[in-house]
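Visitor: One structure is given below, represented as structure tokens, and several questions about it will come after.
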Amino acid sequence: MLSQRPGEVVTREELQKKLWPADTFVDFEQGLNNAMKRLRAALDDDAESPHFIETLPRHGYRFIGSVNGSERTPEEAKTTHRGGALIQLPALGALAVIAVVAVLVGMNVRGWRDRLFTRSPKTQIQALAVLPLTNLSGDPEQEYFADGMTESLITELGKISSPRVISRQSVMQYKSSKKSLREIAEELKVDAVLEGTVVRSGDRIRVTIHLSQALPERQLWAQEYDRSLRDALSLQGEIARAVADEIQVKLTPEERTRLTVSRSVNPEAQDDYLRGLYFASNITELGAQTAIVHFKSAVEKDPTYAPAYAELAMSL
């Protein structure tokens, strides 16, 4: 879109409509910012002193680069005449293809990066923090769901002998924190941070996960999952296996079995279980009693729901 309109401002709203249809649940701001970072990295460009992509804060972006070896200032780019644009179309088209491929590969869309390239050795991570997942549903009452998913993901990753996973009590202080990833990692003494977003709509959930290394700061892996609420339990194990693979953890047969066991859960039981986790974290008498009520309700609705039994036993 940028190279097809050299010198023109392409607004963030235009990019959102083009890249993410209206019915797509996605953290648009973070997704677009990450895409632009990867595009600039592919072009060896600098946001502060751009040669290709100029940022207009809170508005959009503009392609200002030279084409076919020509040197153009941003003002000249704005006034590119029709004849010049026609001559440059093949080069612009090629650049557009290169840029799109660079972004898609960088973001590993549909696993393209893994399909196109031999995977490089994974980064060794000794300690990992799972930051509170962000609730993007627009409903504050759904905070329990995002917090419960965070707790469940910490539990699943805790089933792996390595890396060391920071406790929920330690990470919840960073809910809605404005601190940088590096600051959080230094305070928690971890090598990497797992963060993401959750959107619940009816009986569907969409979870977006990002795994980032703290020093040097770089994104190691990202993925988006769209599942039925019934599959939320198996989804957490799937994410844990993906993280273990990405950081080159060799799972024992027992660990892989624990993370692979898949079963559907009664959505109402799952909801009670997540509410129970949310209230149990309050560390108050009222919170504990409310959590017990929800855990009991979960096992009544789904007598085979082992996690609910385990949390109930620890709460009594």
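Computed from the coordinates by the stated procedures, all read-outs in this text should not be read as laboratory data. The structure displayed is predicted, hence computed values, not measured ones. Neighbour counts are summed over all protein chains in view; Cβ atoms, including those assigned to glycine, are modelled from backbone coordinates with ideal geometry.
Visitor: Measuring from label point to label point, each 7 Å out along Cα→Cβ, what is the SER176 to SER162 span in nm?
Guide: Result: 3.9 nm between the two label points.
Visitor: How high is the FRET efficiency between SER201 and LYS250 when r is their beta carbon distance and R₀ equals 30 Å, given to the nearest 0.05? If you can, show how the numbers build up before the last one.
Guide: Numbers: r = 37 Å, r/R0 = 1.24.
The value I calculate is 0.20.
Visitor: So, one more: To the nearest 0.05, how large is the calculated FRET efficiency for ALA288 and THR257 if R₀ is 51 Å and r is the Cβ-Cβ distance?
Guide: Numbers: r = 32 Å, r/R0 = 0.63.
E(calc), rounded to 0.05, equals 0.95.
Visitor: What lysines sit close enough to LYS250 to cross-link, taking a C-alpha to C-alpha distance under 20 Å and skipping anything fewer than 8 places away on the same chain?
Guide: Straight-distance partners of LYS250: LYS122, LYS159.
Visitor: Under 13 Å Cα to Cα from LYS179, which aspartates and glutamates show up? Leave out anything in the same chain fewer than 8 places away.
Guide: The reachable aspartates and glutamates, counting only those whose Cα sits under 13 Å from LYS179, are GLU187.
Visitor: Residues in region 147-185, backbone N under 16 Å from the label point at THR55 (7 Å along the Cα-to-beta-carbon vector): list them, ranges by number please.
Guide: Answer for region 147-185: 180-181.
Visitor: Related question: Relative contact order, percent, of region 127-250 when contacts are C-alpha pairs under 8 Å separated by at least 6 residues? Walk me through the numbers before you get to the answer.
Guide: Numbers: 197 pairs, mean separation 33.0, N = 124.
Result for region 127-250 is 27 percent.
Visitor: A further question on this structure: What aspartates and glutamates does LYS296 reach when the alpha-carbon gap must be under 19 Å and sequence neighbours fewer than 8 apart in one chain are set aside?
Guide: List returned: GLU151, GLU268, ASP271, ASP272, GLU285, GLU311.
Visitor: Would you mind ranking PHE52, PHE295 by Cβ crowding within 10 Å, fewest neighbours first?
Guide: Working: PHE52 20, PHE295 28.
Ordered by Cβ neighbours within 10 Å, fewest first: PHE52, PHE295.
Visitor: Determine one quarter of the surface area of the Cα convex hull of region 265-316, which equals its mean projected area, and express it in nm² to one decimal.
Guide: On the way: hull surface 11.3 nm².
Convex hull of Cα atoms, orientation-averaged projection: 2.8 nm².
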